[in-house]
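Enquirer: Structure incoming, see below.
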Amino acid sequence: MKKKILVVDDSALMRRVLCDIINADNRFEVVDFAVNGLEGLEKISNNRYDVVVLDINMPKMTGLELLKELQEKNIPANVVMASTDTVDGAQVVIDALELGALDFIHKPYNTLELRSERFQTKFLEILDAAANTELKNYNIKKPVKQEDTAPKIMEFVSKHKKDFTGKKAVAIASSTGGPKALQQVIPKLPKNLKVPVLIVQHMPVGFTKSFADRLNSLSEINVKEAEEGDIVEAGWVYLARGGRHMNVVSNGSKLKIHYSDEPSREGVKPCANYMYESFMNSDLDEVVCVVLTGMGSDGTKGIINLKTEKKTHVIAQEHSTCAVYGMPRSVVDAGLADQIVPIERIAQEIILNVGVK
């Protein structure tokens, strides 16, 4: 059965082109459209769609306003943002992901590029991931339980102290749904974490700096977009830059960030496999690998290779808390996961495995 798609866009030309692309693929069918956010809200409230393709700038109600309404009214929807605004680190993209959009794609200004094979392939790939994501109130804002707050986590950790030996690092891989998941992990990490944290989140060029800044504003621990040559320090979080592969290389007794420009791997750039494999030649005693929500299997091969040289501890996000249970499922099915943990407990388990200063 074809997946049912709703297209919400105020441009008749854009609607027609997007509908042509979607309907040409036998997996999908555009069953309805809306010309503004208000009309889109009404249709989503009264009908069930597998995916909503949503523009941002529209009359009467913008795409962001629509996402807010869905959140406030507790209406679940798998939303993919497709807008000309989703370019060059636009803050609206970060806002949309925070409000529950699963993913985004930049919609070219001209129809020639819009009809290009490159755009269509990427758009349909994102659409397929969203269409096969279980509709489970992912976009609904859930109340924070008291035991899930950073102070409560540290109180719990202090009662379960371990003797931490050896030199460690935390390496996180995430993709679709990752920005929201990371906002439930990184702000709960303390600034005196005993190790550095490196993150590969699948994002295009231009967006990782804005996302790193947002995480930093929410967190006690320091967060930055990793730069070439950065010395990796404990108590810091380094987010891989879009469009390059992030590696660590030895710098005396320290590690430093090095970017490489190999082709995409697993269809993505940055790719977490490269990050994990770069730890193979480090002087670390153990790497705590965390695999969060995302489509595909990025991270699995890298962890398999890493395990041949280093002790690893693998934490996979539990199925019901994933937007897309692809990457975590891959490490679980490969028998690599030491722990399978809901997103609310990931930070706690990281701290319990690496300690604080």
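Enquirer: Please arrange SER11, SER260 by counting, for each residue, the other beta carbons lying within 10 Å of its beta carbon, fewest first.
Expert: By the 10 Å Cβ count, ascending: SER260, SER11.
Enquirer: Against the longest alpha carbon principal axis of the chain, how many degrees, from 0 to 90 and to the nearest 10, is the axis of helix 150-159 turned?
Expert: Its long axis makes an angle of about 30 degrees.
Enquirer: Which value in deg cm²/dmol, rounded to the nearest 500, describes the helix-derived mean residue ellipticity at 222 nm for the chain, given -39,500 (n - 2.57) per DSSP H run of n ≥ 4 and division by the residue count?
Expert: Mean residue ellipticity at 222 nm (helix-derived): -9500 deg cm²/dmol.
Enquirer: Any idea what the alpha-carbon Rg over 2.2 N^0.38 Å comes to for the chain?
Expert: 0.99
Enquirer: Give the Kirkwood hydrodynamic radius (Å, one decimal) of segment 260-355, defined as one over the mean of 1/r across all pairs of different Cα atoms.
Expert: The Cα-based Kirkwood calculation yields 13.6 Å.
Enquirer: How about segment 300-357: which GluC sites (Glu not before Pro) there lie in a loop by DSSP and see at most 14 other Cβ atoms within 10 Å?
Expert: GLU309
Enquirer: Going by the alpha-carbon gyration tensor, a ≥ b ≥ c the square roots of its eigenvalues, is segment 23-94 rounded (a/c under 1.5) or, if a/c is not under 1.5, prolate (a/b greater than b/c) versus oblate?
Expert: oblate
Enquirer: Apply the Kirkwood formula to segment 146-354: the hydrodynamic radius equals the inverse of the mean of 1/r over all pairs of different alpha-carbon atoms; give it in Å with one decimal.
Expert: That comes to 16.6 Å for segment 146-354.
Enquirer: Past the 19 Å Cα-Cα mark, which pairs from LYS188/LYS224; LYS191/LYS224; LYS224/LYS256; LYS188/LYS254; LYS122/LYS269; LYS167/LYS311?
Expert: Violating the 19 Å limit, Cα to Cα: LYS188/LYS254.
Enquirer: Ranked by Cβ crowding within 10 angstrom, fewest neighbours first, how are THR62, THR111 ordered?
Expert: Placing the least packed residue first, the sequence is THR111, THR62.
Enquirer: Determine, at each q value in 0.09, 0.10 (inverse angstroms), the log₁₀ of I(q)/I(0) that the Debye formula gives when each Cα of segment 3-131 is one equal point scatterer.
Expert: Per q value, in the given order, log10 I(q)/I(0) is -0.21, -0.26.
No value in this document is a laboratory result; all are computed from the given coordinates. Every value quoted in this text rests on a predicted model; they were computed, and no experiment measured them. Glycine also receives a Cβ, built like all others from the backbone with ideal geometry; neighbour counts cover every protein chain displayed.
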